[in-house]
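Structure, as C-alpha cells:
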Amino acid sequence: FEGAWESMHEWAMAGGLVFTREDGLDFPVNLVFIDSGDGPYVDIVYNFTSRWRNTYPSKGFSALMKRKAEKGDEAGPHNFKRYRRAKSERSGDVDFYEISTNYYKTHVYNNLKISRRDIEPQAPGFCGFPRDRSEKYFKMLTAEEKRVDGSFHAGGRRNEALDTRVMALCAGDV
C-alpha cells in the first residue's frame, strides 16, 4: 500500500471514480477490474483489490471455452464464454474475472470501424472520444493485429488503451 497503488487509492477516495457530465449529473464507477497478469505482482493486485468494494483482479485469456457444467455465451460450434468469475487457487478465496480477450478485442476493432453519423443518435457501438485524446492513445488502442487464427498480437507495441477498453467492455457485460 505505497507508491502508485497508494496514489490511486487516494485519487479514488477523493472522488476519482465519479465522473460528472457537463450538466452536473454524476456517474459513479460500479465495477473495477485490475489486470493481475501472471508475473510476480499477482498477490499485490489481489491485496489491493480487496481494499475496494466491487473491485476484482482480472486475467485475460485468448479464448475461454465453456466448462462441462457451464452454458456457453454463443450457441454452435464455437461455444465459448466471454468472461467467467473464478476463485484463485493461488490466493485462497480471492474472486477474479477471466476475460476472453479475443472476443472483446474483435468487438473493439469492429466498433472502431463504425462511421460517425451527421445526426444523433449515433449507431450502436459507435466510439466517441474526448477531443483531448492524444495520438499516443490511439496508437495504443490500435496496437494489436488480428491473426488468421483469431488471436491478437501487439508485436512489442504498447497496448494499455486497448487492454483497459477490453476490461471496461467486459465489466459492462458483467
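The values are calculated or read from the model by the stated rules, or taken from the named source; none is laboratory data. Quick caveat, the model's predicted, so the values are computed rather than measured. A quick note on method: Cβ atoms are made from the backbone with ideal geometry, for glycine too, and the neighbour counts reach across all protein chains shown. When the accessible area is computed, the model is the full protein with side chains, heavy atoms only, and any ligands, DNA or RNA have been set aside. Shrake-Rupley method; radii C 1.70, N 1.55, O 1.52, S 1.80 Å.
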³J(HN,Hα), Karplus 6.51/-1.76/1.60, whole Hz, each residue of the range 21-37, x for Gly, Pro:
6, 3, 7, x, 6, 8, 10, x, 6, 9, 8, 10, 10, 10, 5, 8, x
Given backbone amide H placed at 1.01 Å from N, residues whose amide H is under 5 Å from that of I34, ignoring those fewer than 5 places away on the same chain, are Y56, S58
Could you work out how far the C-alpha centroid of the range 1-72 sits from that of the range 120-136, in angstrom?
23 Å
Ignoring any ligand, DNA or RNA, what whole percent of the accessible area of the range 108-164 comes from carbon and sulfur when the probe is 1.4 angstrom?
50 percent
The answer for trypsin sites (Lys or Arg not before Pro) in the range 30-66 that fall in a DSSP coil and have at most 15 neighbouring Cβ atoms within 10 Å is R51, R53, K66
All other residues with a Cβ under 9 Å from the Cβ of S100 taken together, and with Lys, Arg as +1 and Asp, Glu as -1, what is their net charge?
+1
Sequence-distant or interchain residues sharing an amide H contact under 5 Å with Y83, placed H: which?
S100
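Counting only helical runs of four or more DSSP H residues, what would the 222 nm mean residue ellipticity of the chain come to if each run contributes -39,500 (n - 2.57) and the total is spread over all its residues? Intermediate results must be reported in sequence, preceding the final value.
Details: 5 runs with 50 residues, N = 174.
It comes out at -8500 deg cm²/dmol, rounded to the nearest 500.
Return the percentage of antiparallel bridges among DSSP beta bridges fully within the chain, rounded to the nearest 5 %. List each step's numbers first, then the result.
Numbers: 12 of 20 bridges.
Of those bridges, close to 60 percent are antiparallel.
In percent, what relative contact order does the chain have, based on Cα pairs under 8 Å that are 6 or more apart in sequence?
Details: 211 pairs, mean separation 26.0, N = 174.
Once normalised by length, the contact order is 15 percent.
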Heavy atoms of M8: accessible area, 1.4 Å probe, square angstrom to 10:
60 Å²
Once you wrap a convex hull around the alpha carbon atoms of the range 125-174, what is its projected area averaged over all directions, in nm²?
4.5 nm²
If you roll a 1.4 Å probe over the heavy atoms of the protein chains, what accessible area per residue do you get for the chain, in Å²?
67 Å²
Mean Cβ-within-10 Å packing, highest first, puts peptides 126-139, 95-108, 148-161 in the order 95-108, 148-161, 126-139
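Relative contact order, percent, of the range 1-58 when contacts are C-alpha pairs under 8 Å separated by at least 6 residues? Could the numbers behind the result be given before it?
Numbers: 47 pairs, mean separation 16.1, N = 58.
Over the range 1-58, the number comes to 28 percent.
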Farthest positive-ward along the chain dipole, Cα basis, beta-carbon charges - from G15, V148, T101:
V148
For the chain, how big is the tail of P(r) above 29 Å, as a whole percent of Cα pairs?
28 percent
